Amino acid sequence: MKEKTNIYFDQIKAKYAADRTVSHKLHLQACEYLPGGDTRTATFFLPFPNFIEYGKGAYLYDVDGHKLLDFQNNYTALIHGHGHPQTVEAVQKQIALGSAYAAPFEKQIALSALLTERFPGIDLIRYTNSGTEANMNALRIARAYTGKAKILKTEGGYHGTTDVFEASVDPNIKKAGTLDQIKVIPESRGVSANALKDVLVVPFNDIERTRKVIEEHYDEIACVIIEPIMGSAGQITPDIEYLKFLREITTKYNIVLIFDEVVTNRLSLGGAQKYYGITPDLTTLGKVIGGGTPVGAFGGKREIMELYDPRNKQMYHSGTFNGNAVTMAAGLATMQAYDQAAVDHVNGLGDLFAEEVLKVYDRLGLDMQVLGAGSIRNILFTNKEVKQYRDVASAHEELNKILYLDLLTKGVFDAERGMFCMSTAMTRDDILFGTAMIEEALKDMLPIIEEEAPELIK
Ligand SMILES: Cc1ncc(COP(=O)(O)O)c(C=O)c1O
């Protein structure tokens, strides 16, 4: 970071902190009990996170009395915002009748019927408590079905926090080899080097390089797992040709194609697979399908998923809270309310957001773009065409951090990496408020953008 940028960032941090004395006090208290006062790395930021008192509709209310328009929606997990009335009612009714039973119950059938009907790639489904677990189980069944062990993922692809998936999620590209020979880099200390031996990494949207790796290793690859839109990397949309290619080559070589739709499931009633018209063998879900409670699910073709049929005694999958009553009640109420009109509403808000931000860039003379699709969009400080992780890795991340903190001081809560996600609780006026605040923040940032990223000034 250059000097002027550093000074500006310090000023914004000071402005943020000065107005958040209660949050700061709570942060110091939390540090007594939780490492860094935190239990989720993705929600931590400097100087200290904003403690929330409660949420209602499209807004969060923090402990220092600020009202924040919530474009975070718990990292895309809340499709209806906070305290959605039908979901609240369903959970209240259910919890009074018991939160979890070691036995099946009817709401599991109802939610499964809804999801299998909506998602072309899901005949049968099972539940977990997180998207991470859903992916772990999808990988396991892919291995069992194919008799092979390796996994192929994209550089920058995020599939949760467990060894094998924490490969090349956000690598330093200086250490990650060339695109022709991508090095697999562990995301965290403690990730097993042995587990990473099972991982092959390719660039997203790059048919030729992906083909080469698959053709060299097809007899070892159990599954190709991708996010149809690369979310954590910055909402990088796919070339349809790339998805079609993956469908064809995985079929040819008996490789299971997994779409990680933990985030993209909100894109249409049937997720990205319906939106783009490509059907995977297995699909993993999470976030919105739990109606704001912990959830994950994996499902797919009948002949693969039947390996989990206990009557076949092939595979074991348990979990104390899998398909628990509260999650099923919340998920069912939420997904029933997420009908076509609701999909159109949030996707329309996403379009409005992108149009307005592009107008802001125009007015300020910025050569920047808005990534993403539907109800999830991303602001990145780059003017490069973004096709894969390395195009994002060279963007100006520090400017995103400054924008994030400045927006919090202006009553707007997005994700530090520039992700803005719409909920059905939002109106067009909310979006216009959000984009007006983005304009104010970017306008103030112009001198430092000029210093840090002169290529973005037209
Ligand atoms: C694409 C994707 N897959 C999997 C996960 C992991 O889900 P969870 O955090 O529920 O374990 C996430 C979480 O953000 C995700 O974005």
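Please treat every number below as a calculation from the coordinates, not as lab data. Keep in mind the model is a prediction, meaning the values are calculated, not measured. Note that we place each Cβ from the backbone using ideal geometry, even for glycine, and neighbour counts take in every protein chain shown.
How far, in nm, would the chain grow between THR320 and TYR253 when pulled straight, counting 0.36 nm per residue and subtracting the alpha carbon separation?
Values: separation 67, 0.36 × 67 = 24.12 nm, distance 3.62 nm.
Gain in length upon complete extension: 20.5 nm.
Treat each spin label as a single point 7 Å out from the Cα along the C-beta direction, and report the VAL22 to GLU455 distance in nm.
4.5
Helix-only estimate, please: 222 nm mean residue ellipticity of the chain, summing -39500 (n - 2.57) across DSSP H runs of length 4 or more and dividing by its residues, to the nearest 500. Show your work: numbers first, answer last.
On the way: 16 runs with 191 residues, N = 458.
My calculation for the chain gives -13000 deg cm²/dmol from helical runs alone.
Please report the antiparallel percentage of the DSSP beta bridges confined to the range 85-337, to the nearest 5. Walk me through the intermediate numbers first.
Details: 14 of 28 bridges.
Counting only bridges with both partners in the range 85-337, antiparallel ones make up about 50 percent.
Give the order of SER168, SER188, SER318 when sorted by the count of other beta carbons within 10 angstrom, beginning with the fewest. Write down the numbers at each step before the final one.
Numbers: SER168 26, SER188 10, SER318 6.
The most exposed by this proxy come first: SER318, SER188, SER168.
Fewest first, what order do ASP260, ASP367 take by the number of other Cβ atoms within 10 Å? Numbers along the way, then the final one.
Details: ASP260 31, ASP367 12.
Ordered by Cβ neighbours within 10 Å, fewest first: ASP367, ASP260.
Provide the FRET efficiency to the nearest 0.05 for the ASP444-TYR101 pair, computing r from the beta carbons and using R0 = 45 Å. Display every interim value, and only then the final one.
Working: r = 55 Å, r/R0 = 1.22.
E(calc), rounded to 0.05, equals 0.25.
Of GLY323, ALA233, ILE214, whose Cα points farthest to the positive end of the dipole of the range 85-337 (charges on the beta-carbon: +1 Lys, Arg; -1 Asp, Glu; origin at the Cα centre)?
The residue sitting farthest along the positive end of the dipole is GLY323.
Considering the dipole of the range 1-125 built from charges on the beta carbon (Lys and Arg +1, Asp and Glu -1) around the Cα centre, which of PHE9, ALA102, SER23 is farthest to its positive end?
Of the candidates, PHE9 comes out farthest on the positive side.
Given a Förster radius of 30 Å and the C-beta distance between ASP367 and MET1 as r, what FRET efficiency does 1/(1 + (r/R0)^6) yield to the nearest 0.05?
Values: r = 21 Å, r/R0 = 0.69.
With R0 = 30 Å, the Cβ-Cβ based efficiency is 0.90.
On a C-alpha basis, how far is the centre of the range 206-263 from the centre of the range 379-452 in Å? Whole number, if you could?
Each part reduced to its Cα centre gives a spacing of 29 Å.
Among ALA195, SER268, THR250, pick out the residue whose Cα is farthest towards the positive end of the charge dipole of the range 85-337, where Lys and Arg carry +1 and Asp and Glu carry -1 on C-beta, about the Cα centre.
Working it through, the farthest residue towards the positive pole turns out to be ALA195.
In what sequence do LEU405, LEU124 fall when counting other Cβ within 10 Å, fewest first?
Ordered from fewest to most neighbouring Cβ atoms within 10 Å, LEU405, LEU124 come out as LEU124, LEU405.
How large is the charge dipole for the range 133-287, taken about the Cα centre, if only the Cβ atoms of Lys, Arg (+1) and Asp, Glu (-1) carry charge, to the nearest 20 debye? Each step should come with its number before you reach the end.
Values: 19 positive and 21 negative charges, 27 e Å.
It comes to approximately 140 debye.
With Kirkwood's inverse mean 1/r over C-alpha pairs for Rh, give me the Rg to Rh ratio of the chain, two decimals please. Walk me through the numbers on the way to the answer.
Details: Rg = 22.0 Å, Rh = 22.9 Å.
Ratio of gyration radius to Kirkwood radius for the chain: 0.96.
Multiplying the sequence separation of GLU385 and GLU89 by 0.36 nm and subtracting their Cα-Cα distance, what value in nm do you get?
Working: separation 296, 0.36 × 296 = 106.56 nm, distance 4.56 nm.
Once the chain is fully extended between GLU385 and GLU89, it gains 102.0 nm.
Could you work out how much longer the chain between ASP10 and ALA149 gets when fully extended? Use 0.36 nm per residue separation minus the Cα distance between them, nm to one decimal. Walk me through the numbers on the way to the answer.
Values: separation 139, 0.36 × 139 = 50.04 nm, distance 4.85 nm.
Full-extension gain reported as 45.2 nm.
Decide, for the range 237-354, between rounded, prolate and oblate: order the square roots of the alpha carbon gyration tensor eigenvalues as a ≥ b ≥ c, take rounded if a/c falls under 1.5, and otherwise choose prolate if a/b is larger than b/c, else oblate. Don't skip to the end; give the middle numbers.
Working: a/c = 2.75, a/b = 1.10, b/c = 2.51.
Oblate.
Give me the distance in nm between label points sitting 7 Å out from Cα along the Cα-to-Cβ direction at ARG211 and ASP351, one decimal.
If labels sit at ARG211 and ASP351, their model points lie 3.5 nm apart.
How big is the dipole moment of the chain about its Cα centre under a simple scheme where the beta carbon of each Lys and Arg is +1, that of each Asp and Glu is -1, and everything else is neutral? Debye, nearest 20, please. Numbers along the way, then the final one.
Values: 48 positive and 60 negative charges, 205 e Å.
Roughly 980 debye, rounded to the nearest 20.
Quick one: if the Förster radius is 25 Å, what FRET efficiency do ARG302 and LYS244 give, using the C-beta to C-beta distance and rounding to 0.05? Intermediate results must be reported in sequence, preceding the final value.
Values: r = 23 Å, r/R0 = 0.93.
My answer for the efficiency is 0.60.
Need one word for the range 85-337: rounded, prolate or oblate. Basis is the Cα gyration tensor (sqrt eigenvalues a ≥ b ≥ c); a/c below 1.5 gives rounded, then a/b vs b/c decides. Mind dumping the intermediate values first?
Details: a/c = 1.77, a/b = 1.71, b/c = 1.04.
Since a/c reaches 1.5 and a/b is larger than b/c, the shape of the range 85-337 is classed as prolate.
Tell me the label-point distance for the pair ALA195, ASN312, using the 7 Å Cα-to-Cβ offset, in nm and rounded to one decimal.
Label-label distance for ALA195 and ASN312, simple model: 2.6 nm.
Where the only charges are on Cβ atoms (+1 Lys, Arg; -1 Asp, Glu), what is the dipole of the range 234-362 about its Cα centre, to the nearest 20 debye? Before the final figure, lay out the partial values.
On the way: 11 positive and 15 negative charges, 121 e Å.
So the magnitude is around 580 debye.
Determine the distance separating the Cα centre of the range 276-326 from the Cα centre of the range 39-107; give it in Å without decimals.
Cα centres, the range 276-326 to the range 39-107: 23 Å.
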